[in-house]
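Values in this text are rule-based calculations from the coordinates and carry no lab data. Keep in mind the model is a prediction, meaning the values are calculated, not measured. Don't worry about glycine lacking a Cβ; one is built from the backbone with ideal geometry, like all the others, and counts go over all protein chains shown.
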Amino acid sequence: MGITKWRPAASIKVKALGLHWREGKLLAAEVLDDLGHLKGVRPLGGSIEFGEPWHSALIREFKEELNVDVQIMGSPLVMENLYTHEGVPGHEVLFICEVQFDIEIFENRGSIEFQEDSGMQCVARWFDLAELDLPEGPALFPVGLKSVLQEKYHGK
């Protein structure tokens with residue numbers, strides 16, 4: 001069985017993403033190209049189901065993916081994301097919000113392996129914002145999120 005190659009849906013997806021910080025670093029899942037090379041990272045979360053409020057979806061996604069109970073902090077940032085992955089256009093509306101969970105759960109771990117609904121294996125790590133969106137480094141998705149976060153945290 002070959003590796004499942006992810007492609008964007010031919011419709012607008014509405015998703016909820018959670019920003020979890022540890023020692024100033026953002027928890028984000030690796031995004032690979034078809035050859036398995038790291039092309040970027042994105043905060044954890046997923047699609048909002050019909051009739052489901054964004055905050056419920058965010059809590060559900062973290063429970064499903066990492067088996068943690070998150071607390072949502074503050075109001076969401078809403079971003080529209082028009083992008084291309086492996087030549088296929090994608091369109092998302094994202095509710096992005098800070099989340100907290102018991103830090104001791106992953107205290108001594110540099111990475112977390114988890115499975116998405118699709119069955120795709122994923123790896124999440126904590127990334128320093130300063131190391132993302134550099135020409136030689138992985139991008140932070142959605143595009144533009146890094147500058148919004150830097151503005152919010154005054155260049156943290």
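Structure above, values below:
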item	result
Under the Karplus curve 6.51 cos²θ - 1.76 cosθ + 1.60, θ = phi - 60°, whole-Hz ³J(HN,Hα) for segment 123-139, x wherever Gly or Pro sits	10, 10, 9, 9, 10, 7, 3, 4, 8, 9, 6, 9, x, 9, x, x, 7
Other-chain or far-sequence residues with amide H under 5 Å of F141's (modelled H)	V41, R42
Gain on full stretching of the segment that runs from E104 to A130 - 0.36 nm per residue minus C-alpha separation	6.9 nm
Neighbourhood charge, 12 Å Cβ-Cβ cut-off, centred on Q100 and excluding it, Lys, Arg +1 and Asp, Glu -1	-2
Calculated diffusion of segment 1-83, Stokes-Einstein form, Kirkwood radius summed over Cα pairs, 10 °C and 1.306 mPa s, µm²/s	109 µm²/s
For segment 1-136, share of DSSP beta bridges that run antiparallel, in % to the nearest 5	80 percent
The chain - convex hull of alpha carbons, volume per residue in Å³	126 Å³
Relative contact order [Cα under 8 Å, 6+ residues apart], the chain, whole percent	28 percent
Helix-only [θ]222 nm of the chain, DSSP H runs n ≥ 4, -39500 (n - 2.57) each, per residue, nearest 500	-4000 deg cm²/dmol
Cα→Cβ-extended label distance, 7 Å offset, between K63 and I12, nm	2.8 nm
Nonlocal amide H pairs with W6, under 5 Å, H built at 1.01 Å	none
Pairs of Lys in the chain closer than 24 Å at Cα, counting only those 8 or more apart or on different chains	19
Inter-part distance where segment 21-70 and segment 88-154 are each reduced to a Cα centre, Å	7 Å
